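What follows is a short report on a single structure.
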Amino acid sequence: MRGTHDIPTNASNAHAPAGRRLHVPRGTAERGRSVACPIGRRIDRVTSSTGSARVVAIHIGRVIVDMEGSGQPVHDVPMPASPALRRGAVGASHGSPGSTELNITSGEDIRMNTAMAELRDTRPAVGCVQALPDRPGPDQPLAGLACINDMAAEAEARLPKAAFDYYAGGSGTEWTLAENERAFRRWVFRRRVLVDVSEVDTAVTVLGRRLAFPVLLAPVALQRMAHRDGELATARAAAAAGTTMILSTLSSTTIEDVADTGVDRWFQLYVHKDRGLTAELIDRAVAGGYRALVLTVDTPQLGRRDRDERNRFLPPPGVDLAILTSTTGGLAQQSGADGGSSLFAYFARQCDASVTWTDVEWVRSRARLPVVLKGIMTAEDARRAADEGVDAISVSNHGGRQLDGDPATIDALPEVADEVGDRLDVLVDGGVRRGTDVLCALALGARAVLIGRPQLWGLACGGEAGVRHVLDLLRMDFTLAMRLAGVTSADAVDRSLVRRAAL
């Protein structure tokens, strides 16, 4: 007979918030092996030949389910609080390589026995992200993920809701967020035929360095929510692909640890009210061999992101602002009085809304590195940036996370490139998901593009290998787009390749 059990939960449970229940149908299955399942989602099917099922532990983002024949009510156990357990320093290893499960006792003898589970998306919507995602096992290949959107869907299935919402969400109604991707469809190619494209050159030069193809990794905060190796995995993937990684001030890995990977690297800077702290960040980047400083200029205050407010966003234990925690106390100490997003509260308290062009000169003089301004959207600001002596700009609306109502970056790009493209390197970020998007951006005046969310989807799907898969997909797709458009050199792409689509 098939039956079901509901697992009551309480606020201390790591895999569900107060009031949530885990639904565990019963059935039949083989015995003799254990399996761990990602945290924070409903167990849709657990089958056993003998009877009830129960969650017995949560470890490194995994729920361990115990199958037994005692007929006892299904119940659960909170995630162990020890950071050592979350790091995998304690416990026995079972199953496939890279999978660590923990056998614990909580008030009674709890045994890991056998389980088979499928997961559905009823992840916790409220409170902090509860655990660090583990690496996918070897039985979860990346080869079936054929495009960035496939990887986004897979990442959503794997990540706790609060983590996915933080990465995927935008400000306000998320109109600008969606517009960034939609706008690429408003441009079409004027392809040429009977061109010898047996050999194409995808390389471009950005700030004096030759890159294998025109895609850099944008600064993205708190990458260890997507994978426990976080920014280190991203750095290694970027190095293998022959491109540049831009490390965020809000990184969950230190400036020095990323430098140790040897990746070609730039450092993204938020100017803090504490100018001594800001100077220290610049000095650490210079000492760490970062090749450029990327000053984000579109964030006098953080945009209001409804998803994060609803989720009362706070990173999981063990994940914080690694570069800043010793000075600012980290996000756990920044929660607003209304219990909303800890990051929104951090910006309100720590970051400087009074930054002007005068501060750009201060940053340039302090760093003595090439300076990139990220967040330029108009010809007027682009011209001022060139006049101030900056070395590059990125046309950016912060991935639709700041002013909702900003135009798509690909629509803003032409006026900026026309104004200053002969004076400095123009980059663009926002909505890039295909190689055709990269080709369109180059045609409209960009030297290269930055990608943000795609690298996170790669991290969530497979750590370093996942980010490399993202870069491989984009490079292959870009190369194909060049061939099909009759383009033999990325450096030779110009405005004649595209036109506005007929509406």
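The values are calculated or read from the model by the stated rules, or taken from the named source; none is laboratory data. Bear in mind the structure is a predicted one, so any value in this text is a computation, not a measurement. Positions of Cβ are backbone-derived with ideal geometry, glycine not excepted, and every protein chain shown enters the neighbour counts. Only protein heavy atoms, including side chains, enter the accessible area calculation; ligands, DNA and RNA are left aside. Shrake-Rupley method; radii C 1.70, N 1.55, O 1.52, S 1.80 Å.
Miscellaneous remarks
- The single condition among (1) at pLDDT 95 or above; (2) under 22 Å from Arg209 (Cα atoms) that Ala492 does not meet is (1).
- In the set Thr299, Thr327, only one residue is more than 14 Å from Gln223 (Cβ to Cβ) and open to solvent by less than 60 Å² (accessible area, probe 1.4 Å); that residue is Thr299.
- Selected residue (only one of Asp320, Asp274, Asp260, Asp308 is of a type outside the set (A, V, I, L, M, F, W, C), free of Cβ contacts under 8 Å to residues at least 24 places away in the same chain and out of contact with any strand residue (DSSP E or B) (no Cβ under 9 Å at 6 or more places or on another chain)): Asp260
- Annotation note: of Gly486, Gly452, Gly463, Gly400, the sole residue that is open to solvent by 10 Å² or more (accessible area, probe 1.4 Å), in contact (Cβ under 8 Å) with a residue 12 or more places away in the chain and at positive phi is Gly486.
- Residue check, Ala412 farther than 27 Å from Glu231 by Cα and assigned to a helix (DSSP H, G or I): yes
- Count of residues meeting criterion [outside any loop (DSSP other than H, G, I, E, B) and either buried (at least 22 other Cβ atoms within 10 Å of the Cβ) or not basic (Lys, Arg) (or both)] in segment 226-251: 15
- Single match in Leu459, Leu450 (criterion: more than 16 Å from Asp491 (Cα to Cα) and not in a helix (DSSP H, G or I)): Leu450
- Just one of the listed residues (Leu503, Leu473) is at pLDDT below 95 and surrounded by fewer than 24 Cβ atoms within 10 Å (Cβ to Cβ), and it is Leu503.
- Index of the failed condition, Asp264 passing every other in (1) out of contact with any helix residue (DSSP H, G or I) (no Cβ under 6 Å at 6 or more places or on another chain); (2) open to solvent by 40 Å² or more (accessible area, probe 1.4 Å); (3) of a type in the set (D, E, K, R): (2)
- Look at segment 421-438: where a residue is of a type in the set (A, V, I, L, M) and a partner is open to solvent by 10 Å² or more (accessible area, probe 1.4 Å) and in a strand (DSSP E or B), sitting 6+ places away or on another chain with Cβ atoms under 9 Å, you get Leu427/Lys374.
- Being closer than 28 Å to Ser496 by Cα, touching a helix residue (DSSP H, G or I) at 6+ places or on another chain (Cβ under 8 Å), open to solvent by less than 50 Å² (accessible area, probe 1.4 Å) and in a loop (DSSP other than H, G, I, E, B) is a description that applies to Asp406.
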